[in-house]
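The values are calculated or read from the model by the stated rules, or taken from the named source; none is laboratory data. Every value quoted in this text rests on a predicted model; they were computed, and no experiment measured them. Cβ placement follows ideal geometry from the backbone for every residue including glycine, while neighbour counts extend to all protein chains displayed. These accessible areas exclude ligands, DNA and RNA; they are computed on the full protein's heavy atoms, side chains included. Shrake-Rupley method; radii C 1.70, N 1.55, O 1.52, S 1.80 Å.
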Amino acid sequence: MKCVIEGNGIKVFGKAVHALSRIGDEIWLDPLEKGQYVPDPDIQKDCEAVKCKLNIKCVLPLFRCASWRERSVDKCEISINFPNSRVIFQFHCRHGITKTYNLGYQECEALQAVFPAHLCPNVLMAQSKLLGDIVVHFPVSQEEVTLSISCFKVTLKTFCEEENNCIKGMNTELMLHPDEFDYFEVGEDSAVTFCLKELRGLLSFAESYGLPVSCQFGVAGQPVSFTVKDMTLEAHVVLSTLTDPNHESTSQPAPGDDCPVNIPKTSTAEVSTCEGPMETEVYVADGEQVASSQGSEVFNPNLHMRKMIQLQTPGKILPKPRLAPESALTTPVTPATFKIRSLLFGAVYTDVVDSKTADLPSLACASDTEEDGGTEE
Amino acid sequence: MPLSTQSQADIDQYILIASLDNARNLSNILKAISSRDHAIFNATQNGLKVTVEDSKCLQANAFIQADIFQEYIIKEDTVGFQVNLTVLLDCLTIFGGSTVPGVCTALRMCYNGYGYPLTLFLEEGGVVTVCKINTQEPEEPIDFDFCSTNVTNKVILQSDSLKEAFSELDMTSEVLQITMSPSHPYFRLSTFGNSGNAHYDYPKDSDMMELFQCTKIQTNRYKMSLLKPSTKALALSCKVSVRTDSRGFLSLQYLVRNDDGQICFVEYYCCPDEEVEEE
């Protein structure tokens, strides 16, 4: 494999690496057929299918000092030395200086989240600046947030594991009117809770390029996908969400039932009093609430798996979430330990209709590293 | 000027007096070699030479010529002593290290001779501080026996190009390998760290390369812990010369311009890492 990035692309790639570093410890390189992938005909047989992963701590220093790199680096070549198990990053800099880094890697299977985003009932698209302005209100240490959607509004609020914590700490809740979004489609009222920390990387990446971010999600327990697209790159972050234990036992709604049956009493009043584009409120839930994960129990991977499989079979109507019971939690909710993360970087020439996703052999799981990232001599 | 209120008798007792209107012209260059606590001072008619050594494998020298000083009086052929460099630097920057334009610390450094402390008179904004630092018997600096006739390879580079490389060096690598060759890769710095290798190549026709004289291919490794402190000298300098001799000993010479544009030199000598045979 040999990949050449020139000029401004290096800056973008560096920012993508930084964004990924906020998500996980390892970075997978998976050369795809789209884009600039040029198989070397001489060693095509050996190299063509090399997919590897690197420890992100090894790659990140190569892309530090973004402003300096912008000025002095003309070209970056990424290639794989298959016999020596090395990924080679070669930077051609000004004044003829060349910097070559040979990093050890581990071969691995392709990592792909099996997640048909086009089947998600709820889709939002907003400018990255808007999303950046939203998440800035949450403390950097805030792990999880809950995103709720209904016909009338979108809410993003702090997620608390236990009722007690909600009272002690500072909670933040923002409500947005559907008009704030470039695209707003609600198929099913829901509230999903996911890890904000991991999303911040993508948001700052998108914000630095002024790209819109789209968000596809379903009900609690189904993954939420955030996508950034451009002529030359495509980034997806797929995050798992906490389940709602009441999911299984609800009856199926009538087909074509888009709007929620139970409309929160206060919503109309709130929407009409919105002055600015969004409001930040400290808000202790009372009265009826949209389904949230406050009733969620310990995250159950098997349950999650079944949901994923359900997603792949269109035609099945997904159960509608009931409102969460108002009783306090008895079991502690653990943060989602089952993570799916992927940030794909590749050239896009046509709209992505990735029917191949369902055929990929591997379902992304918590990374199954046998050992630490390559420490070759 | 408070410093000049010393009596003639006081002045007569000193065997070395060196004065600077701007103490930074001394402190900056001493910081460039301050990897260890103790420094050997050797003053001659030509000026001041300050030496720092590490593990008997590395030697750093700073040269401040006599004409850099506003006043330089030496009453013997050579005057030598050893002081704690950290303490000396703390005293030289006693009024704070910040650079406010137009305001600088004036220095008069005086030494009575063997057994006496090194006396510093520092003044800024009308405030005078007197520091007396104990001196020790000066050790004999190691003679690395590095002479220009024995030099096999030499390059002179503009410091800017090396500054980036040195600041990015993979510190998990125990050694820094320097390859100099009349053919590709010409001049290469390499590290071997936990995540892999890194190579920085400077071609001989690069416009950062001011001089390229390599007669034969040489690859030598030096302990990273010894060379990394030279980054400070590199940061201050505008040019650096890199030379290796037939034994693989390394000489780095840095051309430093002080605040007033005057030229001083800093020099590092380093032994090659013994485990690796010269190729």
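Under the definition of Cα pairs under 8 Å and six or more residues apart, what whole-number percent is the relative contact order of region B:8-136? Kindly include the intermediate steps, with their values, before the conclusion.
Details: 253 pairs, mean separation 39.3, N = 129.
30 percent.
Using a Förster radius of 45 Å, what is the FRET efficiency between B:Gln70 and B:Asp37 based on their Cβ-Cβ separation? Nearest 0.05, please.
0.95
Cα-based Rg (one decimal) and Dmax (whole number) for chain B, in Å?
Using the Cα atoms of chain B, the pair Rg, Dmax is 20.4, 65 Å.
Kindly provide the helix-only [θ] at 222 nm of chain B, computed as the sum of -39,500 (n - 2.57) over DSSP H runs of four or more divided by all residues, to the nearest 500 deg cm²/dmol?
Working: 6 runs with 43 residues, N = 279.
About -4000 deg cm²/dmol.
For region B:151-270, report the translational diffusion coefficient in µm²/s to the nearest whole number, using Stokes-Einstein at 37 °C, 0.692 mPa s, and a Kirkwood Rh over Cα pairs.
227 µm²/s
According to the Cα gyration tensor, what semi-axes, each the square root of 5 times an eigenvalue, does the equivalent ellipsoid of region B:92-225 have, listed from largest to smallest in whole Å?
Largest first, region B:92-225 gives 42, 21, 17 Å.
Could you list, bin by bin from short to long, the percent of Cα-Cα pairs of region B:8-136 in 5 Å steps?
Going out from 0 Å in 5 Å bins, region B:8-136 shows 2, 11, 21, 26, 22, 12, 5, 1, 0 percent.
Multiply the residue gap between B:Ser148 and B:Tyr114 by 0.36 nm, knock off their C-alpha separation, and tell me the result in nm, one decimal place.
Extending this stretch completely gives an extra 8.8 nm.
Tell me, what HN-Hα J-couplings in whole Hz come from the Karplus equation 6.51 cos²θ - 1.76 cosθ + 1.60 at θ = phi - 60° for each residue of region B:27-44, using x for Gly and Pro?
Taking θ as phi minus 60°, the curve returns 5, 4, 6, 5, 4, 5, 10, 7, 8, 10, 6, 9, 10, 9, 9, 9, 9, 10 Hz for region B:27-44.
For region B:168-180, what does the Karplus curve 6.51 cos²θ - 1.76 cosθ + 1.60, with θ = phi - 60°, yield as ³J(HN,Hα) per residue in whole Hz, taken in order and with x for Gly and Pro?
These are the phi-based 3J(HN,Hα) values: 9, 3, 6, 6, 7, 8, 6, 10, 10, 9, 10, 10, 10 Hz.
From the backbone phi of region A:218-225, what are the Karplus-calculated ³J(HN,Hα) couplings (6.51 cos²θ - 1.76 cosθ + 1.60, θ = phi - 60°) in whole Hz, Gly and Pro given as x?
My calculation for region A:218-225 gives x, 9, 4, x, 7, x, 10, 10 Hz in order.
Collect residues whose amide H, placed 1.01 Å from N in the peptide plane, falls under 5 Å from the amide H of A:Lys51; neighbours closer than 5 in sequence don't count.
Those lying under 5 Å, H to H, from A:Lys51 are A:Cys108.
In the structure displayed, which of B:Lys31/B:Lys154; A:Lys15/A:Lys51; A:Lys11/B:Lys223 lie more than 24 Å apart, Cα to Cα?
From the list (B:Lys31/B:Lys154; A:Lys15/A:Lys51; A:Lys11/B:Lys223), the Cα-Cα distance tops 24 Å for B:Lys31/B:Lys154; A:Lys11/B:Lys223.
What is the interface area between chains A and B, defined as buried accessible area summed over both chains with a 1.4 Å probe, reported in Å² to the nearest 100?
Working: alone 19070 and 13030 Å², together 30660 Å².
Adding both sides of the contact gives about 1400 Å².
Could you point to the residue in B:Gln82, B:Leu250, B:Leu234 farthest towards the positive end of chain B's charge dipole, with +1 and -1 charges on the Cβ of Lys/Arg and Asp/Glu respectively?
So the residue furthest toward the plus end is B:Leu234.
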